[in-house]
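Peer 1: Take this structure, written in structure tokens, and hold onto it; I'll ask about it next.
Each reported figure results from applying straightforward, stated rules to the coordinates on display, with no laboratory input. Quick caveat, the model's predicted, so the values are computed rather than measured. All Cβ positions, even for glycine, are placed from backbone atoms using ideal geometry, and neighbour counts span all protein chains on display.
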């Protein structure tokens, strides 16, 4: 009988311990003071989104620094991280653990301020970090393909311009070198910008 009572007590207390751990990981986000409870809650939600975007920006910079190869240009990585941060699902995976509404009386009426205690879901954080690593891997593969395509293009351009120069018996050598230089610089620039 005592064993049964202890087992039931352990089962009932386990979820409470989980909630306590989640409450310890929670962060208090205070919204602006507003004139209505709905506006105060909206202000707190906006602050939560700003807080999450800042946290994800820090995480993304850390992940990018860890996984970026030395040869990959930093502007390509920054652009990929910036695109990833603009995704709307970055702010998903947060749970409101507690909410505190504060009402203050003034001579002109009441003002309201909402404090939200929020905690991030660890599984959602891990999933989004994997998505970011996958996106950075895509940027790396795209850079390799662009660089390889540029090398192949330069080789074909040199062959074509050399063939045209040979056909013209050296008459247009200077012009062909200028055309080759301009096209050889313009195409890789466009390829890396896209």
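Peer 1: Among 150, 114, which is the only one that is more than 26 Å from the chain's Cα centre (by Cα), part of a strand (DSSP E or B) and surrounded by 13 or more Cβ atoms within 10 Å (Cβ to Cβ)?
Peer 2: Only one candidate passes the filter, namely 114.
Peer 1: Checking the condition exposed (fewer than 13 other Cβ atoms within 10 Å of the Cβ) and within 20 Å of the chain's Cα centre (by Cα), which residue from 78, 49, 66 passes?
Peer 2: Only one candidate qualifies: 66.
Peer 1: Name the residues in segment 83-96 that are surrounded by 11 or more Cβ atoms within 10 Å (Cβ to Cβ) and either farther than 12 Å from residue 132 by Cβ or over 10 Å from the mean Cα position of the chain (by Cα) (or both), would you?
Peer 2: Answer for segment 83-96, where residues must be surrounded by 11 or more Cβ atoms within 10 Å (Cβ to Cβ) and either farther than 12 Å from residue 132 by Cβ or over 10 Å from the mean Cα position of the chain (by Cα) (or both): 91, 92, 93, 94, 95, 96.
Peer 1: For residue 139, state whether it is within 30 Å of residue 37 (Cα to Cα) and in contact with a helix residue (DSSP H, G or I) (Cβ under 6 Å, 6 or more places away or on another chain).
Peer 2: The answer is no for residue 139.
Peer 1: State the number of residues belonging to segment 23-46 that are part of a loop (DSSP other than H, G, I, E, B) and crowded, with 16+ Cβ neighbours inside 10 Å. Working first, answer last.
Peer 2: Filtering segment 23-46 for residues part of a loop (DSSP other than H, G, I, E, B) gives 26, 31-33, 35-36.
Then keep just the ones that are crowded, with 16+ Cβ neighbours inside 10 Å; that gives 26, 31.
Going through segment 23-46 one residue at a time, the tally reaches 2.
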